[in-house]
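Here is the structure we will look at, set down as structure tokens.
The values are calculated or read from the model by the stated rules, or taken from the named source; none is laboratory data. What you are looking at is a predicted structure, and each value in this text was computed from that prediction instead of being measured. A quick note on method: Cβ atoms are made from the backbone with ideal geometry, for glycine too, and the neighbour counts reach across all protein chains shown. SASA here: full protein model, heavy atoms, side chains in, ligands and nucleic acids out. Shrake-Rupley method; radii C 1.70, N 1.55, O 1.52, S 1.80 Å.
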Amino acid sequence: MNDILVDSPFRQDVLKGLSSNPKYLLPKYFYDAKGDQLFQQIMGCPEYYLTRAEEEILRTQSRQIIQSCAGTNPMFDVIELGAGDASKTLYLLQEALRLRCSRQYYPIDISTGMVDYLDRMLPPILKGMQISGRAGEYFPMLEHIQAESPTAKLVVFLGATIGNMLPEEALGFLEQLRGLLQEGDYLLVGFDLKKNPQVILDAYNDKEGLTRDFNLNLLHRMNRELGADFKPNQFEHFPVYDPITGSCKSYLISLLAQQVTFDDTVIAFERDEPIYMEISQKYNEAEIQELAAKAGYEPVDAFFDSCHQFVDVLWRV
Ligand SMILES: C[S@@+](CC[C@H](N)C(=O)[O-])C[C@H]1O[C@@H](n2cnc3c(N)ncnc32)[C@H](O)[C@@H]1O
């Protein structure tokens, strides 16, 4: 193994997580090229209602969202945290162009592949909009952008990615984000709402096994990039949902006592031992209001889909 990999943050985070009790892995590492591809498939699968619900919101209500921001900021840059394929954001950007409110879009994503894709795909579709993709972590990229452009901002954080944090982590994240924005900037955040528990559980346990493969892909990724020797067929995807706390958690369960080697480090798994992979936190409206208040944002509006499954909230700094 070369020195770059030995010192890579990926390797360090993985060894820290797998040496902890209970074991965990960080969801930001799901998104290599294969993970991106699986996530695109998950978004299209019948059980994963989240993308369809948010797509409906942005397809039908982007004009109102942009008009709300334009009321106080006639011109603003759009920054997206974790843009993915930006297919839903396209509605917002088209409306911002139509209303002549924005000419600059900065999609930030940890996946270099997705950012390259957006830099290539968007300019012909969004004529008049400058596309400046940034591959990297949310906050360092946002700091660079803020240093470059003094224009007012609309920051968008879609897809219920905020749900990949525990509520207290989400609060810390939103506070840190507020510290990087200017007074009067806007934030549009997508939250998945609490609903029938079975509907939620099914979204993370689709019949085709895409979410299972998405989780197991991280084991394959560690084999490919860190020289580990996981046998992914000896782990099982296990999602659970607690309708009281609203937390949907995914685990990989070791089906037998086994050892996995990373170069000179050996990680032992007991039979039935879980690795905590990801949280997808669900909220109700009161909890979202409370989060805005605690994190220091002023709620401006809330945009729901017609089945009330999902909400994009617009807050002002
Ligand atoms: C749940 S997906 C949502 C994608 C898109 N916003 C949507 O709604 O379809 C999360 C996205 O955030 C990116 N991401 C995850 N952690 C990140 C981090 N720490 N910094 C930057 N991007 C991150 C992933 O690569 C992925 O594209």
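Determine the per residue accessible area of the stretch 143-274 with all protein chains present and a 1.4 angstrom probe, expressed in square angstrom. Don't jump to the answer; show the numbers that get you there.
Values: 5980 Å² over 132 residues.
Each residue of the stretch 143-274 exposes 45 Å² on average to a 1.4 Å probe.
If I ignore ligands, DNA and RNA and count only protein heavy atoms, how much of residue 316 is accessible to a 1.4 Å probe, in Å² to the nearest 10?
50 Å²
Work out the FRET efficiency for residue 149 and residue 236 from their Cβ-Cβ distance, taking R0 = 30 Å, and round it to the nearest 0.05. Before the final figure, lay out each step's value.
Details: r = 47 Å, r/R0 = 1.57.
Taking R0 as 30 Å, the efficiency between residue 149 and residue 236 is 0.05.
Taking only Cα atoms and a 10 Å spring cutoff, compute GNM fluctuations for the chain and point out the largest among 102, 19, 247.
19
For residue 21 and residue 98, what is the calculated FRET efficiency with R₀ set at 41 Å and r taken between the beta-carbons, to the nearest 0.05?
After rounding to 0.05, the efficiency reads 0.15.
Starting from the Cα-Cα distance between residue 45 and residue 182, subtract it from 0.36 nm times their residue separation and give me the gain in nm to one decimal. Provide the component values of the computation, followed by the final result.
Values: separation 137, 0.36 × 137 = 49.32 nm, distance 3.85 nm.
Once the chain is fully extended between residue 45 and residue 182, it gains 45.5 nm.
With each label point set 7 Å from Cα along the Cα-Cβ vector, what nm distance links residue 244 and residue 258?
3.4 nm
Towards the positive end of the charge dipole of the stretch 149-239, with charges on Cβ (+1 Lys, Arg; -1 Asp, Glu), say which of 157, 196, 181 has the farthest Cα.
196
How much of the accessible area of the stretch 79-167, probe 1.4 Å, is carbon plus sulfur, in whole percent?
The nonpolar share, carbon plus sulfur, comes to 53 percent.
Would you mind checking the radius of gyration and Dmax of the stretch 192-295 based on alpha-carbon positions, in Å?
16.8, 49
Between residue 223 and residue 208, 0.36 nm times their residue separation minus their Cα-Cα distance comes to what? Don't skip to the answer; put the middle values down first.
On the way: separation 15, 0.36 × 15 = 5.40 nm, distance 2.39 nm.
Net length gain for the segment: 3.0 nm.
Taking only protein heavy atoms and a 1.4 Å probe, what accessible area per residue, in Å², does the stretch 1-60 have with all protein chains in place?
Ligands and nucleic acids excluded, the result is 50 Å² per residue.
How large is the charge dipole for the chain, taken about the Cα centre, if only the Cβ atoms of Lys, Arg (+1) and Asp, Glu (-1) carry charge, to the nearest 20 debye?
Once rounded to the nearest 20, the dipole reads 680 debye.
Given the chain, what percent of its DSSP beta bridges are antiparallel, to the nearest 5?
65 percent
Around residue 127, under 14 Å between beta carbons, what's the net of Lys plus Arg minus Asp minus Glu among the other residues?
Once positives and negatives cancel, what remains is +3.
Report the extension gain between residue 284 and residue 112 in nm, rounded to one decimal, defined as 0.36 nm multiplied by the number of residues separating them, less their alpha carbon distance.
Numbers: separation 172, 0.36 × 172 = 61.92 nm, distance 3.36 nm.
Full extension of this stretch gives 58.6 nm more.
Of all the accessible heavy-atom surface of the stretch 190-246, with the other protein chains kept in place and a 1.4 Å probe, what percent is carbon and sulfur?
Carbon and sulfur: 52 percent of the exposed surface of the stretch 190-246.
Probe 1.4 Å, all protein chains in place: accessible area of residue 240 in Å², nearest 10?
Approximately 50 Å² for this residue.
Can you pull the one-decimal nm distance between simple spin-label points at residue 196 and residue 293, each 7 Å off the Cα toward Cβ?
3.2 nm
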